[in-house]
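One structure is given below, encoded as structure tokens.
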Amino acid sequence: MSLVAETDYGTPPSTGKDAVNLTIDGFAVSVPAGTSIMRAAMEAGVKLPKLCATDSLNAFGSCRMCLVEIDGRAGTPASCTTPVAPGMAVHTQTERLKRIRKGVMELYISDHPLDCLTCAANGDCELQDTAGEVGLREVRYGYEGANHLEQAKDLSNPYFDFDPSKCIVCSRCVRACEETQGTFALTISSRGFESKVSAGVDEAFMQSECVSCGACVQACPTATLIERSVVQNGQPEHSVVTTCAYCGVGCSFKAEMRGDEVVRMVPYKDGKANRGHSCVKGRFAFGYANHRERILKPMLREKITDPWREVSWEEAISHTAQRFKDLQARYGKGALGGITSSRCTNEESYLVQKLVRAGFGNNNTDTCARVCHSPTGYGLKSTFGTSAGTQDFDSVMQADVMMLIGANPTDAHPVFASRMKRRLRQGAKLIVVDPRRIDLVRTPHVDAAYHLPLKPGTNVAVLTAMAHVIVAEGLVNERFVRERCDWDEFQTWADFVLLPQNSPEAMEKSSGVPAETIRAAARLYATGGNAAIYYGLGVTEHSQVSTTVIAIANLAMATGNIGKPGVGVNPLRGQNNVQGSCDMGSFPHEFTGYRHVSDDAVRGTFEKDWGVALDKEPGLRISNMLDAAVDGSFKGIYIQGEDILQSDPNTSHVAAGLAAMECVVVHDLFLNETANYAHVFLPGSTFLEKDGTFTNAERRIQLVRKVMQPKNGYADWEITMLLSNALGYPMHYAHPSEIMDEIARLTPTFAGVSFAKLEELGSVQWPCNEKAPEGTPVMHMGGFVRGKGKFILTEYVPTDEKTGPRFPLLLTTGRILSQYNVGAQTRRTSNVLWHEEDRLEIHPHDAEVRGVKDGDWVKIASRAGETTLRALVTDRVATGVVYTTFHHPSTQANVVTTEYSDWATSCPEYKVTAVQVSPSNGPTDWQKHYDELSRSSRRIETVAAE
Ligand code: SF4
Ligand code: SF4
Ligand code: SF4
Ligand code: FES
């Protein structure tokens, strides 16, 4: 195996339409107008020396290495900044050019440490390569004069080193930070010989605005910016292309390895979701795979107060199967259930629901998407006919207006946020609907046109008021609605939104957003050109969330912003495989492809394929399983890759449900918080240790490739298969590709998907079938999947969760860039340096009246429970609203959230909890008790498995 090579063409491709013909070194070449001579040469196989150019960045023309001669033109222009012209005759290898290049290179090397043999970049250094290419063999100037060789290193970042003594001031890092990442953390300060790269205001990287995305490190042609893992472990030897296991962007990476160890993750240029970019999590936070707390042996215990006992896989599987059979014999078929996770591959999720339906004989299967994006499925299916976002990420580059609702992409979907920022810098307009002043409201070179800081829980009010403006002011795209939607339903909806109670003025009181701002935002969305809606968990984790998704769809249909590039309705999925886990039939009422279990024809195809009769009644959702456990009818659960105790609402109720069960099986990488209540622990494998697929927020199915053997002995799909076989329902797959073949056989929207096709095309977006053999980047072109688009009334119903004298503030929750969900992975990496603990954001006014100062411990209490954490006093949140993240188990933010949930899907109302905040001396009794339980649960007997 070798490193996956990617050609660097020096400058980005041109989007020019007309072809331009020229000659380069006598070869006839034809390229699109606007292409640089450098790129035209590289595409024709003529390599030009270069240092400041790279094809992910706009040409800069500073290093003078890429000079060419052109017949009829004086001088030696830089090929990276000179576009091709018809009939041009270019020469790249004249004696004059060779002499100039060698002289320039000599100057670079005379101010560069000559430690190539011991340099970490030896063998992967463009300066070294280019010196060789231009034939430099000696340097005449020596080191006597002024130089930069003694400059101090900046080792403040845990993941990369900055050694300015090796810098050639090519500014690729600065441009990567601006163009690719959009953070503008770097500058070239001073001029001439004094020029140097500075982070922030000449600060250490960790003190600057740098978000550690690594784009500058990737762009650097020397060892000036280099991954610490390469410095410590040496240059990688081989690589495997795979998919990030963190968020729903689905970045594609080359896992670069030495032997069986990952040296670094390098974003893959051909990855269609990320186009060669990444964030700090995907690029750097992979060390959890080797963390000492990872459990690699199966473990059992009789009671949850017993210490764990390591056992063999055989014993663990047969014991679990026996316990499950006993429970069903004693309490009936419905006493068991299974939960899969959006962290797992499609194939793993598919097998868990198959185990439940065919092996347990009931439909008690659910997924953690229940608590995040289940309403997306419901809302978009009802209106458009498909439970998924409508666009690919590339589409944003054709948007003129973006409306961002309840999403914070710079923290939760960073690579997509960089694409958004790029488009915004090109002039697109932004509307932000969010209780907090998220970064995108104002960030370098981005200034949102409107920020609607609504009160948590009032999305439907604001969106329906926007619809009121669009209808009242005649901004409806009537031609689109008449052609593509049900006209009668539209008229009923239009009459409804026109009611006085739906006007911005009427909704101002409930939402807190000035009527004029709602009106202005509605006008911009309806008339600003291509308008695209992106939304996140700030939409989906409310009691009226299915209604909100419907309200969003209504706006898009009314304005014709659906069914073409640059528009659409796009849920930003939280975890890597939220879309996939939903597609795979993980919900209790649906088979793969969102088909109801009561549909006899559909169920019949599964029964025939699986050789077993299936239940036609929908099974229990997660919350119903926990209720049934407390009531005594639900006794055993298999939980793969999900920490429901930390991630689900109303922790004490989850704990009570788990404690009431007789056999809790946790299948995970670490002893997570749910494992405190487990009787069986089955160690899981990381995404680096298995094959499979993830489906990102664009419906893009991408391969996850095994880069090392599973340290626990089995990939997760194999463990589910072992359990199913032990239970008596046979499963025999030799490879996840066979599972995908079965999914394709049984699922019309996946009929054309296979591992072979994914190998060939890199990725496909479903639907992928006979009608769309290479997938579907943009949905609903020419017609909605359900036929006519359906307008549905969206009456605003205030949540039952009300503030009052006892609980006067509204708590809303979210994520931070460096951490991921409950932090199981990222807390076990150096990412903790950015976020060691969850903090409570509180407005200065609310803090002052409570006597709370920045950094103080505060108690936050709701009617569900209370917890303590430290305060962060900030005006990012409005008065009356407090905010926290939920990444740390020591905080247990979900102790406070309540049992309220969406009317249609039971998605919990994480984003609205009435609370009181008061000064505190430190952790509550509950937290202390919980810490003690955690410690005792982690005791593992030293009886090793054979
Ligand atoms: S740090 Fe690297 S990319 Fe930045 S200017 Fe120096 S050599 Fe160029
Ligand atoms: S790591 Fe990313 S954010 Fe930080 S300086 Fe480099 S490009 Fe900018
Ligand atoms: S966490 Fe998301 S944005 Fe970051 S690298 Fe992974 S997929 Fe990309
Ligand atoms: S590569 Fe063209 S001037 Fe540097």
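The values are calculated or read from the model by the stated rules, or taken from the named source; none is laboratory data. All values derive from a computational prediction rather than experimental measurement. Here Cβ is always computed from backbone atoms with ideal geometry, including for glycine, and neighbour counts include all displayed protein chains.
Restricting attention to region 428-445, the residues that are at pLDDT 95 or above and either in a loop (DSSP other than H, G, I, E, B) or aliphatic (A, V, I, L, M) (or both) total 7. Considered as a group, the residues in region 33-47 that are in contact with a strand residue (DSSP E or B) (Cβ under 9 Å, 6 or more places away or on another chain) and outside any helix (DSSP H, G or I) include one that is surrounded by the most Cβ atoms within 10 Å (Cβ to Cβ), and that residue is S36.
Per the listing L67, L57, the residue uniquely more than 30 Å from P236 (Cβ to Cβ) and either within 16 Å of ligand 2 (Cβ to nearest atom) or among the aliphatic types (A, V, I, L, M) (or both) is L67.
Within region 173-196, work out how many residues are surrounded by 21 or more Cβ atoms within 10 Å (Cβ to Cβ) and either in contact with a Cys (Cβ under 6 Å, 6 or more places away or on another chain) or among the acidic types (D, E) (or both).
Quick first cut of region 173-196, residues surrounded by 21 or more Cβ atoms within 10 Å (Cβ to Cβ) only: 173-178, 180-183, 185-186.
Subset that is either in contact with a Cys (Cβ under 6 Å, 6 or more places away or on another chain) or among the acidic types (D, E) (or both): 173, 176-178, 181, 183, 185-186.
Going through region 173-196 one residue at a time, the tally reaches 8.
Tell me which residues, restricted to region 677-715, are over 20 Å from G259 (Cα atoms) and part of a strand (DSSP E or B). V680, F681, L682, P683, G692, T693, F694, T695, R700, I701, Q702, L703, listed by residue number. With respect to (1) more than 16 Å from ligand 3 (Cβ to nearest atom); (2) in a helix (DSSP H, G or I), the lone exception for R283 is condition (1). Kindly check whether there is at least one residue in region 756-770 that is touching a helix residue (DSSP H, G or I) at 6+ places or on another chain (Cβ under 7 Å) and of a type in the set (S, T, Y). No; the residues of region 756-770 include none that is touching a helix residue (DSSP H, G or I) at 6+ places or on another chain (Cβ under 7 Å) and of a type in the set (S, T, Y). A single entry from A428, A399 fulfils the requirement of being over 22 Å from the mean Cα position of the chain (by Cα) and of a type outside the set (D, E): A428.
Scanning region 826-855 for residues that are in a loop (DSSP other than H, G, I, E, B) and closer than 21 Å to D411 by Cβ yields T829, W834, H835, E836, E837, D838, H843, D854. The set of residues in region 289-326 being buried (at least 20 other Cβ atoms within 10 Å of the Cβ) and closer than 26 Å to A245 by Cα consists of A289, I295, P298, M299. Looking across V197, V174, V211, one residue alone is within 13 Å of ligand 2 (Cβ to nearest atom), more than 21 Å from H835 (Cα to Cα) and in contact (Cβ under 8 Å) with a residue 40 or more places away in the chain. It is V174. If you check R419, R425, R482 for being at pLDDT 95 or above, within 16 Å of ligand 2 (Cβ to nearest atom) and surrounded by fewer than 19 Cβ atoms within 10 Å (Cβ to Cβ), only one passes: R425.
Of the set (1) more than 23 Å from H277 (Cβ to Cβ); (2) assigned to a helix (DSSP H, G or I), all apply to A388 but (2).
Pairs meeting the criteria (first residue in region 622-641 and touching a residue at least 40 places away in the same chain (Cβ under 8 Å) and among the β-branched types (V, I, T), second residue assigned to a loop (DSSP other than H, G, I, E, B) and buried (at least 20 other Cβ atoms within 10 Å of the Cβ), beta carbons under 7 Å, at least 6 apart or on different chains) are I622/D648; I637/M661. So which of G276, G337 ends up being within 16 Å of ligand 2 (Cβ to nearest atom), of a type in the set (G, A, S) and surrounded by 16 or more Cβ atoms within 10 Å (Cβ to Cβ)? None of the others qualify; the one that does is G276. Among what's in region 58-107 and is in a helix (DSSP H, G or I), out of contact with any strand residue (DSSP E or B) (no Cβ under 9 Å at 6 or more places or on another chain) and among the hydrophobic types (A, V, I, L, M, F, W, C), pick the residue that is nearest to ligand 4 (Cβ to nearest atom). Taking the candidates together, the pick is M105.
Residue-wise test of (1) within 22 Å of K381 (Cα to Cα); (2) within 35 Å of the chain's Cα centre (by Cα); (3) not in a helix (DSSP H, G or I).
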residue: L475; (1), (2), (3): no, yes, yes
residue: R479; (1), (2), (3): no, no, no
residue: D488; (1), (2), (3): yes, no, no
residue: F496; (1), (2), (3): yes, no, no
residue: E505; (1), (2), (3): no, no, no
residue: S510; (1), (2), (3): no, yes, no
residue: R519; (1), (2), (3): no, yes, no
residue: L524; (1), (2), (3): no, yes, no
residue: Y534; (1), (2), (3): yes, yes, yes
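Here V602 meets the list (1) of a type outside the set (D, E); (2) in contact with a strand residue (DSSP E or B) (Cβ under 6 Å, 6 or more places away or on another chain); (3) surrounded by 21 or more Cβ atoms within 10 Å (Cβ to Cβ) almost entirely, failing just condition (3).
Is it the case that region 414-432 has a residue that's touching a Cys at 6+ places or on another chain (Cβ under 6 Å) and of a type outside the set (F, W, Y)? For region 414-432, residues touching a Cys at 6+ places or on another chain (Cβ under 6 Å) and of a type outside the set (F, W, Y): present.
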